[in-house]
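Everything on this sheet refers to the single structure shown next.
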Amino acid sequence: MTTNFQRLPRPLKRAQQQLAACRTVRVAVLGQAAVGKTAITVRFITKRFIGEYDPTLETIYRHTFSVDGECVQFEILDTAGQEEDAMLIEEKIKWAEGFIIAYSVTDRCSFDEVLRLRFLISHIHSNVKRCHSDTPPPVVIVANKKDLQYDRMVTTDEGSNIGQALKCPFFEVSARDSYEETVAVFSLLYREVASTGALSAFRRKVSSKLMDKIPRIHSTATTSLASRSFSLSSVKDFLTD
Ligand code: GDP
Ligand code: MG
């Protein structure tokens, strides 16, 4: 497909060309409810920490971001992390090329869930014929809420050990305190996906009705939303079709 940039006004033309040069990466953020999946995602996209989010809201955020000077269009599926039908979680896992499994250092149950989710991702992807590689898709394990030091139930060593055992990069972060930490997580995940060659034609084959139903928000919408110090419980007001 060729894009005709000739007729566009110059600033629009430049924006179009930049977007056309972007690589898209699909990321799913998994983990138990209330570990901070939305906080981590929204922090990365808006640079802000917004205290309360609608826990039932499942959204795909689109965010263009530069990683090592390369333009990357992130599509981030922020899952609701509730008990789900096995088919639904399977479709979401097939859709993504890279994964963040988040837990909270204040919640041991959420830490125990990491192992199950890692296994589920490997299992589902091993059943899908992928175009370029047989290696499991990249996963980054993220321990969130490290600022809550007095409520900590999972040590840094435990997190780092599970990262080593599962061969996944491990980060401890505080979505509340740091934007840079979330940048490090998403950037590394992108590098891992790019290096495994997982940015493949594979993803075009798995578009599904379920995934099409999940609302999408572009980062420009979330930025204006954050600057108004919003409670994201009303985020639905900002959804576009
Ligand atoms: P999700 O259900 O996994 O999407 O979790 P949320 O992002 O909705 O966060 C659940 C709760 O944890 C909210 O009250 C957030 O304000 C809080 N939270 C999220 N990240 C952090 C963090 O890094 N530090 C602290 N102290 N609270 C956090
Ligand atoms: Mg959430």
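All of Tyr190, Tyr150, Tyr179 fail the test of being open to solvent by 80 Å² or more (accessible area, probe 1.4 Å), out of contact with any His (no Cβ under 6 Å at 6 or more places or on another chain) and aromatic (Phe, Trp, Tyr), apart from Tyr150. Picking from residues in segment 43-64 that are assigned to a strand (DSSP E or B) and open to solvent by 40 Å² or more (accessible area, probe 1.4 Å), the one that is farthest from ligand 2 (Cβ to nearest atom) is Thr64. For segment 140-154, the set of residues classified as outside any strand (DSSP E or B) and either in contact (Cβ under 8 Å) with a residue 40 or more places away in the chain or within 16 Å of ligand 2 (Cβ to nearest atom) (or both) consists of Lys145, Lys146, Leu148, Asp151, Arg152, Met153, Val154, listed by residue number. Listed conditions (1) part of a helix (DSSP H, G or I); (2) touching a helix residue (DSSP H, G or I) at 6+ places or on another chain (Cβ under 8 Å); (3) away from ligand 2 (no atom under 16 Å from the Cβ); (4) at pLDDT 95 or above are all met by Ile40, apart from (3).
Take the residues of segment 1-37 that are open to solvent by less than 40 Å² (accessible area, probe 1.4 Å) and either at pLDDT below 65 or at positive phi (or both): which is farthest from ligand 1 (Cβ to nearest atom)? Filtering first and then ranking leaves Phe5. Can you work out which of the residues in segment 40-72 that are among the aliphatic types (A, V, I, L, M) and under 13 Å from Val25 (Cβ atoms) is nearest to ligand 1 (Cβ to nearest atom)? Taking the candidates together, the pick is Ile60.
Name the residue, out of Val105, Val67, that is at pLDDT 95 or above, buried (at least 19 other Cβ atoms within 10 Å of the Cβ) and hydrophobic (A, V, I, L, M, F, W, C).
Going through Val105, Val67 in turn, the sole match is Val105.
Scanning segment 89-127 for residues that are β-branched (Val, Ile, Thr) and either over 30 Å from Leu148 (Cα atoms) or in a helix (DSSP H, G or I) (or both) gives Ile89, Ile93, Val114, Ile121, Ile124.
The values are calculated or read from the model by the stated rules, or taken from the named source; none is laboratory data. Keep in mind it's a predicted model, so treat the numbers as computed, not measured. Ideal geometry is used to build each Cβ from the backbone, glycine not excepted, and the neighbour counts take in all protein chains shown. The area values use the complete protein model at the heavy-atom level, side chains included, leaving out ligands, DNA and RNA. Shrake-Rupley method; radii C 1.70, N 1.55, O 1.52, S 1.80 Å.
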